[in-house]
1. Please state which of the following conditions Leu572 fails to meet, knowing it meets all the rest: (1) within 16 Å of the ligand (Cβ to nearest atom); (2) in a helix (DSSP H, G or I).
2. Could you tell me how many of the residues in segment 442-457 are within 11 Å of the ligand (Cβ to nearest atom) and over 25 Å from the mean Cα position of the chain (by Cα)?
3. Of everything in segment 401-433, what is outside any helix (DSSP H, G or I), within 23 Å of Arg383 (Cα to Cα) and of a type in the set (D, E, K, R)? Give them in sequence order.
4. Within segment 434-441, does at least one residue satisfy the condition of being modelled with pLDDT of 95 or more, part of a helix (DSSP H, G or I) and within 16 Å of the ligand (Cβ to nearest atom)?
5. Considering only residues that are in a loop (DSSP other than H, G, I, E, B) and either surrounded by fewer than 24 Cβ atoms within 10 Å (Cβ to Cβ) or more than 24 Å from the chain's Cα centre (by Cα) (or both), look in segment 657-674 and name the one that is nearest to the ligand (Cβ to nearest atom).
6. Do you know which of the residues in segment 614-650 that are among the aromatic types (Phe, Trp, Tyr) and touching a strand residue (DSSP E or B) at 6+ places or on another chain (Cβ under 7 Å) is farthest from the ligand (Cβ to nearest atom)?
7. Against the condition modelled with pLDDT of 95 or more, within 16 Å of the ligand (Cβ to nearest atom) and surrounded by fewer than 24 Cβ atoms within 10 Å (Cβ to Cβ), how does Ala514 come out, does it pass?
8. Limited to segment 390-402, what total is found for residues that are touching a helix residue (DSSP H, G or I) at 6+ places or on another chain (Cβ under 6 Å) and surrounded by fewer than 24 Cβ atoms within 10 Å (Cβ to Cβ)?
Amino acid sequence: MYPPSRKDFISLTLSDPHSHSYNNGKHRRQSCWRKWKQLSRLQRSLILFLLALLLIFGLLSYPSITKQWGGLPEREDWLELNDRELIPLGVKPVLGPDADKPPAPVAGPHVGDAVGPDPVLEPRGPNIPILPKPPIKKKSFQNKRGPPSLQKNGSISDTGGREKQEQEVVEDEDKEKKIVSWRGAMIEPDQATELPPSANDKEAAALPAKPANTISLEVSTGKVDRLEAVREAFRHAWKGYKDHAWGHDELKPISKSFGEWFGLGLTLIDSLDTMWILGLKEEFGEARTWVEKELSFSKNVDVNLFETTIRVLGGLLSTYHLTGDQLFLDKAKDLGSRLMPAFKTPSKIPFSDVNIGKGTAHPPRWTSDSTLAEVTSIQLEFRELSRITQEPQYQDVVNEVMKLVHRLPGKHDGLVPMFINTNSGQFTHKGVFTLGARADSYYEYLLKQWIQGGKTEDDLLEDYLQAVEGVKKHLVKQTGPSGLTFVGELSHNRFNAKMDHLVCFLPGTLALGAHNNLPGDHMDLAVQLMETCHQMYTQMETGLSPEIAHFNLQTSDGHDVVVKPADRHNLLRPETVESLFYMYRFTKDTKYRDWGWEILQNFNKYTKVPGGGYTSINNVRDPVNPGPRDKMESFFLGETLKYLYLLFSDDTELLSLDKYVFNTEAHPLPIWPSPPK
Ligand code: DMJ
């Protein structure tokens, strides 16, 4: 049930059916006065005192109440709110003499004739957040990575040379309300994001602002060492983490502080295998020392089963496989056993949260449901833990979940609802189907478990194939203006042309399936969706994708992609570069590399923080003031930079997709050898 809207609330308060006539009002006022006079002086003083108190509280709380009202749609963003204001693509910031004029009307299904002023254009404080990058300290790099089988001599670079001078984000935007998004994207209110002005700031402020699309990006493979550019980005991110958040979960790069989620050094563990793959030995060495000396799971803390499994358990297992270092396996075993209480539920569908110190587990405070993607995307890691330790209990509990979901009624041509109840083991909130938040990695893990296990588990394959058919039948549509293929959502038989950036994992997964001999039309769909995910970046003024895009189904002229104000943020997510990596590996079409290269450059331009770290931003439509959010998600190092590196690497034996399967946090796990016949 939605909370009442501000309009409803006001009309409820003001409209009293018994007070419409003037006379009635007059009589009521007179009788009120008589009653007031009958009260004792003490009673009257008390009432007046209370009224004064109420007035003061009302005045004090007014700004926060209005802010909360403003924030309601964001909190509900997966729940299909259709009344948000939309920003059509192509409406660019108007600078210069036309700045005062309203933007031209834009046609499209979500935008009426009279489009109000673009919220992006609202006046803000001083702009120009971009500064020239300080000179880069060149580091010598030893090209050795991975276990002996992965270590190669010789150049792994595309080319020599250096990246063009980058520019960085240094200034904060207006602060936004707290919203909760998905998968590690707990978006907090911006904190202390303003940096002290420096001489450089002043210099930069004098520069004219350039929208992203006027800056020519270096897309040729001939001039730039793209692999070194990824390493440089990683070193920069790591420097911020090391200087200000060492051993903590996440860096807040603007305020030069840290955020704690589970208190497990999330960024450090998520980054371990990336450092190994990128050949950053020094950084890897210091992180290993921290794992050895400081990392302890014996602490009274509630962790989210899914997030801890994909990031920490997955990170430890993958690092163990790459390095052969027993330390990481010991830590993985310790953590795995501490997560097991989550599965002690009446239905065997695990609870979302576990206290790894106390050995207790519970669902979220407000429900006994678990999220479907969460309970079905921990299998690769638990199954691998069992294989490597020869202790079957981990595999048993997660296989049980898959078996239950496999035979559960309530699917729609293979599509699953977003929630499942831990008591009854039944789907709840039925009728809403998405490939985005809360369901995404269910589909990904069907295919990947099948591949991990040597393509023998038929139920997994059957569910995957059926789901892809369901996606094609119910969720895939084309935009009116240019025929872009996208995956929308279904809500009680009503189609919603909305696609989360999270869905951009799908081209990669479909391509992986086709590579494993699944139907060829999966690859056709992958190619089309990859194009759409690319467009979600290129059609934005910063060249970075919003968190959610809406698509125009009308066969009129107009824009294909529409972004609502609440969805304009970018959290440094990996899904598009992940899919670009798969697409390049399987097609060798260099356009995919060029697309990834553009994304890296735009991350450098709009999200790189001087001194160290990258930050999520508030507004991909505003290249002048993208609005740093002061948070670097662990998956930026764990996934985004890793996939970019693998995309640019010519070494296809570096994590061959016939030998490894990547978990949903980009941690490679081995495909199991087939049992001897
Ligand atoms: C990561 O934690 C994983 O990729 C997950 O599957 C989805 N969300 C984030 C990245 O966007």
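The values are calculated or read from the model by the stated rules, or taken from the named source; none is laboratory data. Computed from a predicted model, the values in this text were never measured in an experiment. With ideal geometry, Cβ positions are generated from the backbone for all residues, glycine too; neighbour counts draw on all protein chains shown. Heavy atoms of the whole protein, side chains included, go into the accessibility calculation; ligands, DNA and RNA do not. Shrake-Rupley method; radii C 1.70, N 1.55, O 1.52, S 1.80 Å.
1. (2)
2. 0
3. Within segment 401-433, no residue meets the criteria.
4. Going through segment 434-441, the residues modelled with pLDDT of 95 or more turn out to be 434-441.
In the following step, the residues that additionally are part of a helix (DSSP H, G or I) were identified as 440-441.
When the remaining residues are screened for being within 16 Å of the ligand (Cβ to nearest atom), the result is 440-441.
Yes, some residue in segment 434-441 is modelled with pLDDT of 95 or more, part of a helix (DSSP H, G or I) and within 16 Å of the ligand (Cβ to nearest atom).
5. Narrowing segment 657-674 to residues in a loop (DSSP other than H, G, I, E, B): 657-659, 663-667, 671-674.
The next check asks that each one be either surrounded by fewer than 24 Cβ atoms within 10 Å (Cβ to Cβ) or more than 24 Å from the chain's Cα centre (by Cα) (or both); those that pass are 657-659, 671-674.
Details: Leu657: 17, Asp658: 22, Lys659: 21, Ile671: 19, Trp672: 22, Pro673: 26, Ser674: 28 Å.
Within segment 657-674, the match that is nearest to the ligand (Cβ to nearest atom) is Leu657.
6. The initial filter retains those residues of segment 614-650 that are among the aromatic types (Phe, Trp, Tyr), namely 614, 635-636, 643, 645, 648.
Applying the additional criterion that residues be touching a strand residue (DSSP E or B) at 6+ places or on another chain (Cβ under 7 Å) yields 614, 636.
Details: Tyr614: 14, Phe636: 9 Å.
Of everything passing the filter in segment 614-650, Tyr614 is farthest from the ligand (Cβ to nearest atom).
7. Details: modelled with pLDDT of 95 or more: yes; within 16 Å of the ligand (Cβ to nearest atom): no; surrounded by fewer than 24 Cβ atoms within 10 Å (Cβ to Cβ): yes.
When the stated conditions are applied, Ala514 does not pass them.
8. So in segment 390-402, the residues touching a helix residue (DSSP H, G or I) at 6+ places or on another chain (Cβ under 6 Å) come out as 392, 394-395, 397-398, 401.
Retained after the next criterion (residues that are surrounded by fewer than 24 Cβ atoms within 10 Å (Cβ to Cβ)): 392, 395, 397, 401.
The total comes to 4.
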